[in-house]
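These notes are about the structure you will find just below.
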Amino acid sequence: MIKKTKRIYLDCAATTPVDPRVLKFMLPYFSRKFGNTVSLHSFGREVGEVLENSRQIISRAIGAQSKEIIFTSSATESNNLAIRGVALANKNKGNHIIVSSIEHDCVLNSARWLKDRGFELTELKVDKFGLINPEDVRKAIQLNTILVSVMHANNEIGTIEPIAEIGRICREKNIYFHTDAAQTFGKIAIDVNRMNIDLLTASSHKMYGPKGTACLYLREGIKITPLMCGGGHENGKRPSTVNVPAIVGFAKATELCLKEMKQEGDKQSKLRDKLIKTVLKIIPEVRLNGHPTKRLPNNVNFQFSFIEGEALLMRLDQYGFAVSTGSACSSRRLEASHVLLACNVKPEEAHGSLRITIGRFTKESDINRLLNILPKIVNDLRSVSPFKLKD
Amino acid sequence: MYTKKVLKHFQNPHNYGRMRNSDGIGKVGNLVCGDIMWLYIRIGKNTKKQEIIKDIKFETFGCVAAIATSSAITDLAKGKTIKEALKISKEKIINTLGGLPPIKVHCSVLAADALIEAIYDYLKKNKRDIPRDLEKKHQILQKEKEIISAKYKDWVETEEKMHSHEQ
């Protein structure tokens with residue numbers, strides 16, 4: 001057996017640890033400041049105020065007004081609320097929805113849920129880098145189109161979509177535009193007005209905040225049907241007692257991300273590029289999935305010929321490295337990733353994909369360690385495979 | 001998700017690699033589903049002059065479970081008579097591994113099928129009588145292969161191209 005060495009976490013697109021500075025800020029809200037935000041007494045008022053401060057911090061981060069932010073429990077919930085909530089509330093205007101074919105399952109399945117209930121759905125194709133052509137959005141728009149949803153950056157291959165251009169087209173045509181920014185909020189600058197975004201999903205646990213909270217930006221004046229029936233929390237749009245400790249953490253994490261965005265982006269893209277360049281040079285029969293430059297600063301996605309991703313992941317795990325094949329949610333499924341297939345990657349090649357996502361706490365020495373061990377692991381698995389390198 | 005035994009086989013697979021001058025080869029699986037298993041056997045005789053699987057090796061493209069089941073079946077088959085080897089079931093493979101996640105049970109089927117095909121290949125090449133059960137199983141496996149080949153013609157061609165196996 002191989003001795004367990006230091007563990008190195010390179011799966012920051014799946015989730016991130018809570019930054020210690022964030023955790024410290026959250027702690028009083030579990031015990032001392034525990035009130036319900038809608039209570040009228042002093043316990044309620046003190047957290048009510050904190051909730052509104054948090055809302056303001058997050059709204060400012062994307063150039064929105066604070067009343068346009070709805071707190072939810074997860075990006076999945078925000079995306080469900082955006083797609084299903086807007087479609088149901090606006091069906092008098094039309095029943096056609098456009099989404100990209102590489103959206104996260106929660107967007108795709110929300111859209112398909114609507115399709116099963118009489119809505120029309122267009123799933124836009126992408127090019128081999130995973131890019132949406134904004135002109136394809138224009139062509140797909142019909143008289144009855146009410147909503148377009150294209151993610152800001154893809155969670156598996158890291159491709160950054162031209163959302164400002166898509167937003168401009170949607171605004172011209174007077175159609176609501178939603179973007180899932182779970183992978184970009186706090187990492188890439190967003191301005192909902194400049195980019196003509198009407199709805200935006202942001203998540204806390206992908207940017208060093210706690211799990212269990214996220215938000216939906218909903219432009220003032222857009223009608224939405226809540227997913228749940230309940231009381232008056234979040235202006236009736238998302239009833240449920242508000243998760244104050246998590247939201248406080250979300251806001252603190254947002255503050256830190258904004259302050260350190262430039263420096264973090266530079267550091268991570270440098271590590272990313274070193275990893276990509278070196279692997280492509282030292283390991284034969286490897287390709288990069290996703291776009292070479294229009295790419296998240298923390299995302300690397302390789303495709304290794306002749307071997308399978310899960311096997312590669314588990315061998316790396318043996319050496320203490322945590323990575324992912326495609327999307328973390330897919331690891332209990334057998335099919336090749338829908339994102340890679342949409343990029344026209346052949347199924348047998350898609351099976352050999354590996355996603356490495358770095359973060360705030362990744363050190364250059366971590367990448368060096370990975371670069372030391374990866375060629376050996378790939379080689380070992382290739383020696384078990386019936387497919388070989390051509391001599 | 002995986003048992004310790006599965007991980008042990010995966011981390012240190014037994015009997016892997018290509019076998020030159022094998023007596024029989026079983027090739028099963030397909031690239032579309034993401035698992036390909038090749039099993040090579042060499043036949044010898046035991047002290048009772050019965051034919052046995054003297055040596056066995058595998059080459060597998062696939063997940064943790066595919067590699068572990070390949071390794072496990074080589075352990076199970078080595079030294080067994082042909083008759084005994086044909087009786088190795090997927091349940092037997094799963095048991096020696098201490099269980100498999102439900103979604104990965106098909107890997108044990110693949111391993112059992114690969115052994116059946118390797119033995120069939122040996123018997124056929126040497127113009128031996130083929131038990132009726134074995135012939136039937138072989139026909140079913142061939143048919144499945146044809147259906148997949150027809151459905152995914154391009155991908156099967158890729159598979160052929162990727163392979164540089166000396167005949």
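Quick one: how many residues across the range A:241-258 are exposed (fewer than 14 other Cβ atoms within 10 Å of the Cβ) and either outside the structural domain of A:M207 (by TED's automatic domain parsing) or in contact with a Gly (Cβ under 7 Å, 6 or more places away or on another chain) (or both)? Let's see the steps before the verdict.
Start the filter on the range A:241-258 by keeping residues that are exposed (fewer than 14 other Cβ atoms within 10 Å of the Cβ), which leaves A:241.
Narrowing the set further to residues that are either outside the structural domain of A:M207 (by TED's automatic domain parsing) or in contact with a Gly (Cβ under 7 Å, 6 or more places away or on another chain) (or both) leaves none.
Of the residues in the range A:241-258, 0 are exposed (fewer than 14 other Cβ atoms within 10 Å of the Cβ) and either outside the structural domain of A:M207 (by TED's automatic domain parsing) or in contact with a Gly (Cβ under 7 Å, 6 or more places away or on another chain) (or both).
For the range A:147-167, the set of residues classified as open to solvent by less than 10 Å² (accessible area, probe 1.4 Å), out of contact with any helix residue (DSSP H, G or I) (no Cβ under 7 Å at 6 or more places or on another chain) and in a strand (DSSP E or B) consists of A:A153, A:T159, listed by residue number.
Where helices (runs of 4 or more DSSP H) sit wholly within the range B:9-106, those with at least 2 residues that are crowded, with 23+ Cβ neighbours inside 10 Å, within 14 Å of chain A (Cβ to nearest Cβ) and modelled with pLDDT of 95 or more occupy B:64-77.
Only residues that are farther than 25 Å from A:P210 by Cβ and either open to solvent by 40 Å² or more (accessible area, probe 1.4 Å) or assigned to a loop (DSSP other than H, G, I, E, B) (or both) were counted in the range A:68-96, giving 8.
Which of the residues spanning the range A:203-220 are over 14 Å from A:A14 (Cα atoms) and either among the hydroxyl-bearing types (S, T, Y) or assigned to a strand (DSSP E or B) (or both)? Those that are over 14 Å from A:A14 (Cα atoms) and either among the hydroxyl-bearing types (S, T, Y) or assigned to a strand (DSSP E or B) (or both): A:T213, A:A214, A:C215, A:L216, A:Y217, A:L218.
Every listed requirement among (1) within 30 Å of A:H291 (Cβ to Cβ); (2) exposed (fewer than 15 other Cβ atoms within 10 Å of the Cβ) is met by A:Q65 save one, (1). Residues of the range A:30-62 that are open to solvent by 30 Å² or more (accessible area, probe 1.4 Å) and either polar (S, T, N, Q) or not assigned by TED's automatic domain parsing to the domain that holds A:G209 (or both): A:S31, A:N36, A:S39, A:S42, A:N53, A:Q56.
Among the aliphatic types (A, V, I, L, M) and within 25 Å of A:I160 (Cα to Cα): does that describe A:L312?
On the way: among the aliphatic types (A, V, I, L, M): yes; within 25 Å of A:I160 (Cα to Cα): no.
Spelling it out, it is not the case that A:L312 is among the aliphatic types (A, V, I, L, M) and within 25 Å of A:I160 (Cα to Cα).
For the condition open to solvent by less than 40 Å² (accessible area, probe 1.4 Å), touching a strand residue (DSSP E or B) at 6+ places or on another chain (Cβ under 9 Å) and in the same structural domain as A:L354 (by TED's automatic domain parsing), A:C106 does not qualify. What pairs come out if I take residues in the range A:35-60 that are over 22 Å from A:G230 (Cα atoms) and pair them with residues that are open to solvent by 60 Å² or more (accessible area, probe 1.4 Å) and assigned to a helix (DSSP H, G or I) whose C-beta lies under 7 Å away, six or more apart or interchain? Once the first residue is over 22 Å from A:G230 (Cα atoms) and sits in the range A:35-60, its partners that are open to solvent by 60 Å² or more (accessible area, probe 1.4 Å) and assigned to a helix (DSSP H, G or I) give A:I57/A:E255.
The set of residues in the range A:255-308 that are in a strand (DSSP E or B) and closer than 29 Å to A:R60 by Cβ comprises A:R295, A:N299.
Those residues that are surrounded by fewer than 21 Cβ atoms within 10 Å (Cβ to Cβ) and in contact (Cβ under 8 Å) with a residue 24 or more places away in the chain, I need them from the range A:125-145; list them, please.
A:K125, A:D127, A:K128, A:F129, A:L131, A:P134, A:R138, A:A140, A:I141, A:Q142, A:L143, A:N144
Within the range A:109-124, work out how many residues are over 23 Å from A:K346 (Cα atoms) and either open to solvent by 50 Å² or more (accessible area, probe 1.4 Å) or assigned to a helix (DSSP H, G or I) (or both). Result for the range A:109-124: 11. Only residues that are more than 14 Å from chain B (Cβ to nearest Cβ), open to solvent by 10 Å² or more (accessible area, probe 1.4 Å) and in contact with a Leu (Cβ under 8 Å, 6 or more places away or on another chain) were counted across the range A:288-320, and they come to 3.
Residues in the range A:362-391 that are small (G, A, S) and surrounded by fewer than 17 Cβ atoms within 10 Å (Cβ to Cβ) were compared, and the one that is farthest from the other protein chains (Cβ to nearest Cβ) is A:S365. Has the range A:8-17 got any residue that is within 30 Å of B:F10 (Cα to Cα), open to solvent by 80 Å² or more (accessible area, probe 1.4 Å) and within 20 Å of the chain's Cα centre (by Cα)? Yes - at least one qualifying residue is present in the range A:8-17.
Does A:A164 satisfy the criteria of being under 15 Å from the mean Cα position of the chain (by Cα) and among the aliphatic types (A, V, I, L, M)? Before the answer, list the steps.
Details: under 15 Å from the mean Cα position of the chain (by Cα): no; among the aliphatic types (A, V, I, L, M): yes.
Against the criterion (under 15 Å from the mean Cα position of the chain (by Cα) and among the aliphatic types (A, V, I, L, M)), A:A164 does not qualify.
The values are calculated or read from the model by the stated rules, or taken from the named source; none is laboratory data. As the structure is a computational prediction, the values presented were derived from the model and not from experiment. In this analysis, Cβ positions are derived from the backbone assuming ideal geometry, glycine residues included, and neighbour counts consider all displayed protein chains. Just the protein is used for accessible areas: all its heavy atoms, side chains included, with ligands, DNA and RNA removed. Shrake-Rupley method; radii C 1.70, N 1.55, O 1.52, S 1.80 Å.
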